[in-house]
Amino acid sequence: MSKFRKIYEAVYKSNNLFGINKTIASNPLSQASKRANSVAIVGGVLGDEGKGRVTDEFTYEFLRNHKQVIHYRDNGGANAGHTIEIKNTKIVLHQIGSGIMQKGCTVILGKGMVLHPIDLLKEIQLVKKAANGKVPANLVIDEMATLSLDTHRAYETALKMRLGDTGSTGRGIATAYADLLYRHPLRMKDLLSRGYRQSLSDHYQRYADTIKGLGYDMSKIAVTRLKEDDQPVGNEKDFIEILTEARKILKIYTKPAYEIIQKEWNSTTPFVFEKAQAMGLDAKWGTYPDVTASDCTLEGIKSSTEGIVQPERIAIKSAVIKATYTSSVGKRRMPTEIKNKLATRIRKDANEYGATTGRPRDILYIDLPMISFLFENGKIDYLVMTHMDISYPDTPIRVCIDYKLKGKSVPYRPDLNYLEQVEPVYFDLPSWDGASLQGVSKISDLPQEALKYIAFISKALNTQILMITNGPKRHQSINWLK
Ligand code: IMP
């Protein structure tokens, strides 16, 4: 009998809830051998799971008892879209961490990120506007973070024109990370240095030449910028001037983050690590080649902090999934894609449109072979389930428990070409009325079907359940730490 079938029998036939209806026994935030008060939040599948609001909630909880919280982001850049809703303000963050709206929070954009200075400046302005003119948190941009510029976006577009859809979000992410591997990155500290004009000029020329080699004039390639219509990269002078403007403001926030992390990690200040994208988008573990370029696993925290933070010492290593389905954006076609009216219903009810690109997202059934693979290799021990309210009494919840290839049971492998050939095997599980979950904040008030479902999924992923959300606003959740 397969592993998932055994768990299914235990939960649905023998009514074993594996203790999920009880509060976590010992406080996971203070365990021997772990760094107390540290929590990491990782995307569990293919992104857009709701990490932003989960992070926001943890930061808020910490700030009730601590003067300061460090909020650290180590990967990705403007390709991310983290939505947080506080009271009547809704804000979509791309490069800035979700703790930015909270006073007492130090939000660090880490070394492992690729930052677009012009978009970043605009994002800072949006935060200021939403917060009556002042950035509420203490924003720190690591001087070691790599720059992702219009040149990188133009190169992605040139590749697209040459090769067809490469699946990128057009935010110059892979091309900026490639600069690191080629050993010619520009970092924030280069933008702030005296010789920045020369560095930018060399960079511009290098990209103009490369793109010319592909047959295009870089200055004429239109690139996407935050809250602006697409516009051409322009000539070298314009390129340098606009970055000179951004530089003037960004230098206020740019610091050597290494020193802050070293000092604070050795103190008792709480740390919230917010990852961007998701483990299923990681280039080594995800649905290659339709993946992103940054390290989407906890290992990325280690390299971004230059080894100060060892991920295994983080007290809560949690991953977030959407409770009853998964969404996917990009070129990839997953074997578990829902192709009937249910997808349209979910897309509408859960507003499944890209926060960065506005694209309608594909809707997939929960894929246990894939998710359990990612959780196991990602060394995840706690589970957060969002969108628990997306469940319909007239439709069972379909979950993939196995793949078949040529009639044989086969595992998940991080290779899209392979995944396109497998046939999913499904279980249909009893659903509940999602609407009845509105306002539920206690586990004991959840319907039995929901409790069984939570028990089944958390056991299948070998995790303890940490939080369930049933609405987009802060506190629309059941938090096992409360
Ligand atoms: P890139 O990160 O722009 O190179 O995009 C590569 C692929 O990663 C996209 O087509 C998406 O499939 C995926 N991706 C990148 N960022 C996100 C995100 O924030 N949510 C969901 N998918 C993403």
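The values are calculated or read from the model by the stated rules, or taken from the named source; none is laboratory data. Please read these numbers as outputs of a predicted model, since none were measured by experiment. Backbone-built Cβ (ideal geometry, glycine too); neighbour counts: all protein chains shown. Just so you know, the surface numbers come from the protein's heavy atoms only, side chains and all, with ligands and any DNA or RNA stripped out. Shrake-Rupley method; radii C 1.70, N 1.55, O 1.52, S 1.80 Å.
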Could you tell me the number of lysine pairs in region 1-53 with C-alpha atoms less than 27 Å from each other, where the two lysines are 8 or more residues apart or belong to different chains? 7
In the chain, once you exclude exposed GluC sites (Glu not before Pro) (DSSP loop, at most 15 other Cβ within 10 angstrom), what's the longest stretch remaining? 1-227
Rounded, prolate or oblate: which fits region 193-247, taking a ≥ b ≥ c as square roots of the Cα gyration tensor eigenvalues, rounded meaning a/c under 1.5, else prolate when a/b beats b/c? oblate
In a Debye calculation with equal point scatterers on the alpha-carbon sites of region 157-219 and no solvent, what is log10 I(q)/I(0) at q = 0.14, 0.18, 0.23 Å⁻¹? -0.48, -0.76, -1.11
Check which residues have an amide H placed less than 5 Å from residue 397's amide H, if you skip close sequence neighbours. 429, 431
Based on Cα coordinates alone, diagonalise the gyration tensor for region 391-460, multiply each eigenvalue by 5, take square roots, and list the semi-axes in whole Å, largest first. 32, 12, 11
In the full protein assembly as shown, how much of residue 144 is accessible to a 1.4 Å probe, in Å² to the nearest 10? 40
Rounded to the nearest angstrom and ordered from largest down, what semi-axes does the equivalent ellipsoid of the chain get from its C-alpha gyration tensor (root of 5λ)? 38, 27, 20
Hey, for a label at residue 132 modelled as a point 7 Å past Cα toward Cβ, could you say which residues of region 53-88 have their backbone N under 15 Å away? 87-88
Out of region 73-173, which trypsin sites (Lys or Arg not before Pro) are coil in DSSP terms and have no more than 14 other C-beta atoms within 10 Å? 87, 103, 134
Amide proton proximity set for residue 93, modelled H, under 5 Å, gap of 5+: 82, 83, 84
Using a 7 Å offset from the Cα along the Cα-to-Cβ direction at both residue 201 and residue 2, what is the distance between the two label points in nm, to one decimal? 6.2
Going through 322/473; 90/322; 317/459; 111/248; 189/255 one by one, the pairs whose alpha carbons sit over 18 Å apart turn out to be 90/322; 111/248
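Take every Cα-Cα pair in region 281-370 and report what % of them are more than 18 Å apart.
Counting pairs separated by more than 18 Å, the tail of P(r) holds 56 percent.
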Which percent of Cα pairs goes in each bin when the distances of region 179-305 are cut into 10 angstrom slices starting at zero? 10, 26, 35, 25, 4, 0
If each DSSP helix of 4+ residues adds -39,500 (n - 2.57) and the sum is divided by the residues in the chain, what number results at 222 nm, nearest 500 deg cm²/dmol? -9000 deg cm²/dmol
If you count only protein heavy atoms and use a 1.4 Å probe, how large is the accessible surface of residue 475, to the nearest 10 Å²? 80
At the level of C-alpha centres, the distance separating region 212-269 and region 334-408, in angstrom, is 34
Using only Cα atoms and rounding to the nearest 10 degrees, what angle (0 to 90) does helix 448-460 make with the longest principal axis of the chain? 60
What does the convex hull of the Cα atoms come to per residue for region 90-163, in Å³? 104
Which percent of Cα pairs goes in each bin when the distances of region 1-56 are cut into 5 angstrom slices starting at zero? 4, 13, 12, 12, 19, 21, 15, 4, 0
What three numbers, in Å, describe the spread of the alpha carbons of region 23-163 along their principal axes, ordered from the longest? 57, 36, 29
